[in-house]
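Read-outs throughout are calculated quantities, based only on the coordinates presented, and are distinct from any laboratory measurement. Keep in mind that what you see is a predicted model, and the values were worked out from it rather than measured. Cβ placement follows ideal geometry from the backbone for every residue including glycine, while neighbour counts extend to all protein chains displayed.
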Amino acid sequence: SFPARTYEYTKKNATQCKLIADGEGIQNCAEGFPFPIPNNAYEAIWNHKLKYKGLSVRSYSNQAAPTASGAYTLVRLQEEILGLYFKQDVLAPARLAGGVLLVHETLNAKAQPRQAWVYNPGQRRVRRAPNVAYDNPGTASDGLRTNDMTDMFNGSLARFDWKLVGKREMLVPYNSYKAHSADSKVEAMLKPGFV
């Protein structure tokens, strides 16, 4: 369940939250789900984008791009979320460690697009990163993951045709505890040609 405050604000949003900028933005919304009864695909995706994630999140993840022979280099990432701010630090391998990505999302992508910056330790510089969006490759992913794939979908809605087609029952895996168990080894999960 969510904190009581989330339910309270979701009720307020039901009568006052509005789409603006051709679905690229919202206004008069408080924390909580902006559209508790979505009437179109834009409202449904805004519910996803602004879902409750806690006050802040810090997570660690590993990613790998195995070659045909099964060889890979494990990339270790630390990610932090605070509201509409996202920070990603590359912790390993050594050749990539120290790289940082900072992203600030907005509530109206048409008026103010996503802002992003990257720090490259080899150059010892912070640079604006307007390409951290849409289908550009994600950090150290060897092109196997795009920026808008993070959290199922994030970022501007502009490059897609969104359509709410109805509801259907689906079986969704409840958890991935076995894969995240201390007993599980990466070598056992990543094999040539498959996970």
Rounded, prolate or oblate (a/c below 1.5 giving rounded, otherwise prolate when a/b exceeds b/c) for segment 1-73 by Cα gyration tensor
prolate
K163: which lysines have alpha carbons under 30 Å from its alpha carbon, excluding same-chain residues fewer than 8 sequence positions away?
K11, K12, K18, K49, K51, K53, K110
Length gained when the stretch N62-N131 is fully extended (0.36 nm per residue, less Cα-Cα span)
22.6 nm
Segment 98-145: C-alpha gyration tensor shape, a/c 1.5 cut-off, then a/b vs b/c:
oblate
Expressed in nm to one decimal, what extension gain is obtained for the pair E8 and F194 from 0.36 nm per residue of sequence separation less their Cα-Cα distance?
62.4 nm
Given a 10 angstrom Cα cut-off, can you work out which residue in H104, H180, H48 is the most mobile in a GNM of the chain?
H180
Through the Karplus equation 6.51 cos²θ - 1.76 cosθ + 1.60, θ set to phi - 60°, convert the phi angles of segment 103-114 into ³J(HN,Hα) values in whole Hz; use x for Gly and Pro.
10, 10, 7, 10, 8, 8, 5, 6, 7, 9, x, 3
Candidates for Cα extents along the principal axes in Å are (i) 54, 43, 33; (ii) 69, 37, 27; (iii) 47, 42, 40, and the calculated one carries label (i)
Shape call, segment 86-191: gyration tensor on alpha carbons, a/c limit 1.5:
oblate
For labels at S184 and L91 in the simple 7 Å Cα→Cβ model, what's the distance in nm?
1.7
Note on segment 43-143: contact order normalised by length, alpha-carbon pairs under 8 Å, 6 or more apart, percent, works out to 16
